[in-house]
1. Check whether at least one residue in region 82-95 is in contact with a helix residue (DSSP H, G or I) (Cβ under 6 Å, 6 or more places away or on another chain), farther than 25 Å from Thr46 by Cβ and buried (at least 22 other Cβ atoms within 10 Å of the Cβ), and report yes or no.
2. Take the residues of region 113-141 that are part of a helix (DSSP H, G or I) and either of a type in the set (Ser, Thr, Tyr) or in contact (Cβ under 8 Å) with a residue 60 or more places away in the chain (or both): which is farthest from Glu182 (Cα to Cα)?
3. Does region 60-82 hold any residues that are under 17 Å from the mean Cα position of the chain (by Cα) and either of a type outside the set (Val, Ile, Thr) or part of a helix (DSSP H, G or I) (or both), and which are they?
4. Residues of region 186-234 being within 15 Å of the chain's Cα centre (by Cα), of a type in the set (Gly, Ala, Ser) and farther than 10 Å from Gly34 by Cα, which ones?
5. Checking the structure you have, find out if any residue of region 25-38 is surrounded by 23 or more Cβ atoms within 10 Å (Cβ to Cβ), in contact with a strand residue (DSSP E or B) (Cβ under 9 Å, 6 or more places away or on another chain), modelled with pLDDT of 95 or more and among the small types (Gly, Ala, Ser).
6. Of the numbered conditions (1) closer than 19 Å to Gly27 by Cβ; (2) in a helix (DSSP H, G or I); (3) among the β-branched types (Val, Ile, Thr); (4) touching a Gly at 6+ places or on another chain (Cβ under 9 Å), Ile157 fails exactly one; give the number of that condition.
7. With respect to Leu43, determine if the residue is within 22 Å of Lys211 (Cβ to Cβ), in contact with a strand residue (DSSP E or B) (Cβ under 8 Å, 6 or more places away or on another chain), among the hydrophobic types (A, V, I, L, M, F, W, C) and in a helix (DSSP H, G or I).
Amino acid sequence: MLEVKQLNVLRGKIQVLWDASIRVEKGEFVTLIGANGAGKTSLLSTVVGLLKPASGVIYFNGKEINNLPPYKIVDLGIAFIPEDRKLFAGMTVRENLILGAYSSRGKGSKEETLRQVYQLFPVLKNREKQVTATLSGGEQRMLAIARGLMSNPELLILDEPSQGLAPKVTLEVFEALRRLKEQGISILLAEQNVNQALKCADRAYVIETGKITLEGKGVELLNNEYIKEAFLGL
């Protein structure tokens, strides 16, 4: 579904990605793990059109997308949930969700998709008339994911969804992601909670100083001695 080949990316004059290549097959849950500053966000931001590659190519369902603006990438079926959520704090939960259906993919199925996201996150149904700024951090994270789902994506890309969340809420978020995978949505996740991320992942990539250094099945990497020492402190 998604194929990233030999991606080189600069922020200003500083190179942040070197020949990065990853792929996500239809229906897969793929995790990208790495330390702060390793290049996870830069890679995801380039896939969704927020950064432009110096070289390399990105395909989605066989179509080259690396020169498309972000809104056209959303229309093709990719939703991006950034680490800082980017919610409209002064609007209600429902208003934020309806805005998520603005794309051409989301408009036609808006009410049905709204029903589905309320099933996935019942707390949002209970809070639908509440101003977003008054939600807890965990509720805001759920709202950000739900708003992304309103565009009816084939591929959901998430950057650090567990950042700043309590352990119980983190488990709820990962459980929601498992359910989305069961519903047929492909997932690409960048995450520092390595233990949870690898447990969920069909496959995973390790990124270090802008380079993909390791690839394998989630369970295999969870038991990898280097991963245990470098990321799990074991």
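The values are calculated or read from the model by the stated rules, or taken from the named source; none is laboratory data. Note that this is a predicted model, so its numbers are computed, not measured. Note: ideal-geometry Cβ built from the backbone for every residue, glycine included; neighbour counts use all protein chains shown.
1. Yes; the residues of region 82-95 include at least one that is in contact with a helix residue (DSSP H, G or I) (Cβ under 6 Å, 6 or more places away or on another chain), farther than 25 Å from Thr46 by Cβ and buried (at least 22 other Cβ atoms within 10 Å of the Cβ).
2. Among those residues, the one meeting the criterion is Thr134.
3. Scanning region 60-82 gives Phe60, Pro70, Tyr71, Ile73, Val74, Asp75, Leu76, Gly77, Ala79, Phe80, Pro82.
4. Ser186, Ala197, Ala201, Ala204
5. Taking every residue of region 25-38 in turn, none turns out to be surrounded by 23 or more Cβ atoms within 10 Å (Cβ to Cβ), in contact with a strand residue (DSSP E or B) (Cβ under 9 Å, 6 or more places away or on another chain), modelled with pLDDT of 95 or more and among the small types (Gly, Ala, Ser).
6. (2)
7. Details: within 22 Å of Lys211 (Cβ to Cβ): yes; in contact with a strand residue (DSSP E or B) (Cβ under 8 Å, 6 or more places away or on another chain): yes; among the hydrophobic types (A, V, I, L, M, F, W, C): yes; in a helix (DSSP H, G or I): yes.
Yes.
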